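Chemist: Structure incoming, see below.
The values are calculated or read from the model by the stated rules, or taken from the named source; none is laboratory data. Predicted model only: the values in this text are computed from it and were never measured. Ideal geometry is used to build each Cβ from the backbone, glycine not excepted, and the neighbour counts take in all protein chains shown. Side chains included, ligands, DNA and RNA excluded: accessible areas come from the protein's heavy atoms. Shrake-Rupley method; radii C 1.70, N 1.55, O 1.52, S 1.80 Å.
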Amino acid sequence: MAFVTMSGDDVSAMARRLAPRVWILLAVAAVAGVVAWLSGSPLLRSSAAVSGLTLVALALGMKLLAAARLGAARRLATQLAALLGADASPCFTTDETGALLWRNEAATSRFGATAATLTAALGDHFANPGAVLFRLQVRAANQGSARDDVVTRRGHLRLSVHRVAENRFLWRTEEFVDRSGSGVHRGAEGLSLPMLVASKTGVVLFCNEALRRLAGARPRTLDRILAAGSFRAGDVVELSGAEGPVRAIVADVEGPGERRELYFFPVPEVPPDGRVSADFENLPVAAMVLRRDGRCRAANHAARELLGLDDGGVPRLQDLFEGPGREVGDWLADIVDERLPGGSEVLRQKSAPSEVFQQVTLRRMVEDGAPMVLAVLQDATALKTLEVQFVQGQKMQAIGQLAGGVAHDFNNLLTAISGHCDLILLRHTTADPDYADLVQIRQNANRAAGVVGQLLAFSRKQTLRPERIDLQDVLSEMVHLLNRLVGERVTLRFVHGAGLGPIRADRRQLEQVVMNLVVNARDAMPQGGSIRVETRQEVLEDDLPRDRAVVPAGPYAVVRVEDTGIGIPADLVPQIFDPFFTTKGVGEGTGLGLSTVYGIVKQSGGYIFVDSVEGTGTSFEIFFPVQTALPAEAEPAPEREALPPPAARPGEGVVMLVEDEAPVRAFASRALRLRGWTVIEAENAEAALKALEDPDVDIDVVVTDVVMPGLDGPTWVKLALERRPNTRVVFMSGYAEDVLTESREAIRNAVFLQKPFSLNELTATVQRQLH
């Protein structure tokens with residue numbers, strides 16, 4: 001074990017520093033003794049004697065103190081030798097000046113035995129050791145200990161320091177050599193990209209071979225390699241190279257311990273004529289360098305090709321693109337002035353003949369002291385199209401839900417209006433002057449019900465009554481009606497194909513589909529023309545992808561409605577099935593015709609497509625699956641257990657009416673009483689269940705709304721049927737029947753009555769349930 005002993009040179013040195021001071025005190029004490037011996041004055045002799053004795057005592061105290069300190073130093077050296085002498089990590093002790101007092105064998109083996117100071121011992125292993133050691137020693141003097149990691153060529157060195165005595169410090173080093181090839185400095189030596197690691201004070205802790213070659217030597221501080229005093233990540237900076245200044249884009253990565261890892265990407269000079277180097281020109285990414293006002297300083301080949309620009313010049317960014325709700329120039333200014341860090345936006349390209357979108361990513365940079373913006377472009381047309389389709393789908397879903405809710409509320413109102421109108425008509429004859437007005441009110445109410453039906457068809461929540469029908473029979477029955485609708489200026493032709501198979505659809509709704517398409521075709525030919533309605537059989541051998549839909553393979557009955565009208569502009573074709581979209585003037589259309597057609601076709605399991613050439617005409621094709629066999633629900637069902645008929649009371653019966661809408665409840669109650677039935681009214685399910693708790697209350701038929709506050713219709717009816725299983729049920733609702741589908745399966749002998757209904761429809765339905 002090799003160390004500097006406190007009992008040897010250092011102890012002797014300390015003794016030599018204290019010895020002159022002690023002998024001076026003894027010499028002065030001797031002089032005071034001589035004065036006391038020779039003086040004839042008692043006072044002077046007494047004072048001299050006291051002074052001499054005091055100085056002798058002080059000298060003895062200093063001798064004892066020095067001996068105590070030397071003993072403590074010897075004990076500390078012995079303890080350190082015993083504890084750390086065989087430690088595998090290099091250990092040192094220093095005084096406040098950094099002079100080495102002791103080192104163990106590992107320190108001697110790793111750093112040598114000739115250095116007089118710790119700074120000299122570590123000087124060849126990392127940059128600026130004097131500053132690092134001084135900073136750690138100050139922290140240890142104040143806090144008792146300190147530690148730091150320092151980057152070296154072989155890896156990094158962990159320095160630990162402890163204050164072990166007054167003005168005495170123990171240092172311990174741990175060296176971590178990188179062998180895995182990962183990390184900042186591990187693979188940095190092999191990088192062709194210049195990089196360095198710097199402390200927060202600007203001291204260069206590590207730099208790789210590429211940077212040393214660029215600078216010509218190893219820089220010790222940042223200001224030796226970087227001319228700019230301050231910079232940001234992405235700025236173009238000037239490096240002090242061995243062969244002259246080098247421009248580079250700097251990347252600043254935050255490292256551990258408040259360190260900065262700086263990577264430098266050399267960039268070519270842009271000549272005054274704006275032409276760029278081959279490296280920038282041939283980048284596979286479309287890139288542009290923009291000035292503050294948006295004018296392009298340089299654009300590579302990929303950018304010019306993407307934007308369709310020639311070599312004659314590039315306009316401003318704001319002339320190329322349409323901003324996302326604000327001016328592109330404002331967005332550019334925010335980035336140049338650092339109000340925004342950058343970012344990406346999908347912008348519409350103004351010069352493109354069709355809808356073309358580019359994703360533009362902007363980042364601020366500094367070039368020759370002037371702020372610039374680097375723009376990277378990427379075609380985002382497909383992405384934007386998908387986004388529009390997704391948003392449109394959400395919009396259609398939301399409007400469909402809204403349409404269903406509005407239809408429910410309107411159906412309740414129309415039920416009350418038409419119902420009370422029917423009650424009034426019962427008290428008037430055709431000769432009454434008010435009879436025609438009442439009939440007109442009822443007809444308009446029925447027309448309003450038709451509009452509500454269109455809303456339900458659009459939202460695909462209309463109650464359909466599907467059946468096996470022949471398309472040719474349906475269209476043949478509509479010939480006279482359609483001829484009256486198209487007028488004299490338009491020629492209507494029907495062409496039927498052979499072997500047309502049956503389809504399954506609601507006859508009334510299918511008629512509405514054909515009528516809406518024919519009326520639209522008529523309106524597209526204000527000066528007259530021809531409409532061709534064609535049917536044909538088509539068998540698809542493979543799936544047919546078309547207009548974002550896929551028609552499965554199989555046999556189909558196809559209806560084609562073709563006109564010679566003005567056609568539809570190509571940019572409007574994707575919107576024609578949107579609700580409330582119309583190209584007609586105010587008061588000429590509701591915008592629900594084609595959306596209703598779309599809803600009915602989709603609800604019937606069909607597909608509809610449109611082809612149009614502006615100025616030539618439009619054709620709609622509807623594919624209905626051919627029903628080659630009876631659907632499962634149309635097959636004879638096994639005979640279910642039948643309920644016993646209600647008690648026979650001629651002209652009598654007890655009906656419980658449950659309806660939360662007071663006007664509808666008032667009309668239905670009066671209508672049922674007019675037929676001679678006893679009516680028990682309830683405004684909600686809870687009131688109905690409470691009334692049925694009386695065993696003396698005998699109910700033959702329950703007429704209940706489906707959707708109500710609290711318990712809904714199916715839920716409370718199931719509870720009631722547990723005690724009264726023979727009661728028959730009529731469900732009524734302004735929603736479509738599908739709101740009842742799942743619950744109705746568990747309720748035997750229940751029927752559905754769609755709102756709005758007339759007085760006769762209500763009483764006929766209840767009568768069928770009673771008998």
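Chemist: One residue is enough: does segment 389-399 have a residue meeting the conditions at pLDDT 65 or above, in a helix (DSSP H, G or I) and under 25 Å from Asp660 (Cα atoms)?
Modeler: no
Chemist: Scan segment 228-262 for residues that are more than 27 Å from Cys296 (Cα to Cα) and either open to solvent by 40 Å² or more (accessible area, probe 1.4 Å) or modelled with pLDDT of 80 or more (or both) and report the count.
Modeler: 14
Chemist: Please work out which one of (1) assigned to a helix (DSSP H, G or I); (2) without any contact (Cβ under 8 Å) to a residue 60 or more places away in the chain; (3) not aromatic (Phe, Trp, Tyr) is the condition Leu475 fails and give its number.
Modeler: Unmet for Leu475, out of (1) assigned to a helix (DSSP H, G or I); (2) without any contact (Cβ under 8 Å) to a residue 60 or more places away in the chain; (3) not aromatic (Phe, Trp, Tyr): (2).
Chemist: Sticking with this one: Tell me which residues, restricted to segment 335-352, are of a type in the set (Asp, Glu) and outside any loop (DSSP other than H, G, I, E, B).
Modeler: Scanning segment 335-352 gives a single hit, Glu345.
Chemist: Would you mind telling me which numbered condition in (1) in contact with a helix residue (DSSP H, G or I) (Cβ under 7 Å, 6 or more places away or on another chain); (2) surrounded by 15 or more Cβ atoms within 10 Å (Cβ to Cβ); (3) among the β-branched types (Val, Ile, Thr); (4) farther than 18 Å from Leu753 by Cα Val701 fails?
Modeler: The one condition Val701 does not meet is (4).
Chemist: For Ala82, are the conditions met, namely being open to solvent by 20 Å² or more (accessible area, probe 1.4 Å), at pLDDT below 70 and out of contact with any helix residue (DSSP H, G or I) (no Cβ under 6 Å at 6 or more places or on another chain)?
Modeler: yes
Chemist: For a quick check of your reading: which strands (runs of 3 or more DSSP E) sit entirely within segment 494-576 and have at least 2 residues that are touching a Ser or Thr at 6+ places or on another chain (Cβ under 7 Å) and open to solvent by less than 50 Å² (accessible area, probe 1.4 Å)?
Modeler: 529-540, 554-563
Chemist: Checking the structure you have, find out if any residue of segment 453-468 is open to solvent by 50 Å² or more (accessible area, probe 1.4 Å) and at pLDDT 80 or above.
Modeler: Scanning segment 453-468, I find at least one residue that is open to solvent by 50 Å² or more (accessible area, probe 1.4 Å) and at pLDDT 80 or above, so the answer is yes.
Chemist: Also: Checking Ala131 against (1) farther than 18 Å from Glu174 by Cα; (2) without any contact (Cβ under 8 Å) to a residue 24 or more places away in the chain, only one condition comes out false. Which one?
Modeler: (2)
Chemist: Among the residues of segment 675-697, which ones are out of contact with any helix residue (DSSP H, G or I) (no Cβ under 7 Å at 6 or more places or on another chain), part of a loop (DSSP other than H, G, I, E, B) and surrounded by fewer than 14 Cβ atoms within 10 Å (Cβ to Cβ)?
Modeler: Gly676, Glu693, Asp694, Pro695, Asp696
Chemist: For the structure I just gave you, tell me whether Gly487 is touching a residue at least 12 places away in the same chain (Cβ under 8 Å), on the phi > 0 side of the Ramachandran plot and either more than 49 Å from the chain's Cα centre (by Cα) or open to solvent by 40 Å² or more (accessible area, probe 1.4 Å) (or both).
Modeler: The answer is yes for Gly487.
Chemist: Starting from segment 351-364, keep only residues that are over 25 Å from Arg339 (Cα atoms) and without any contact (Cβ under 8 Å) to a residue 40 or more places away in the chain, then list their pairs with residues that are part of a loop (DSSP other than H, G, I, E, B) and not aromatic (Phe, Trp, Tyr) whose Cβ atoms are within a distance under 7 Å, requiring at least 6 positions of separation or different chains.
Modeler: Sorted first by the residue in segment 351-364, then by its partner, the pairs are Phe357/Ala380.
Chemist: Suppose we filter segment 101-127 for residues that are within 18 Å of His156 (Cβ to Cβ) and open to solvent by 50 Å² or more (accessible area, probe 1.4 Å); how many remain?
Modeler: 2
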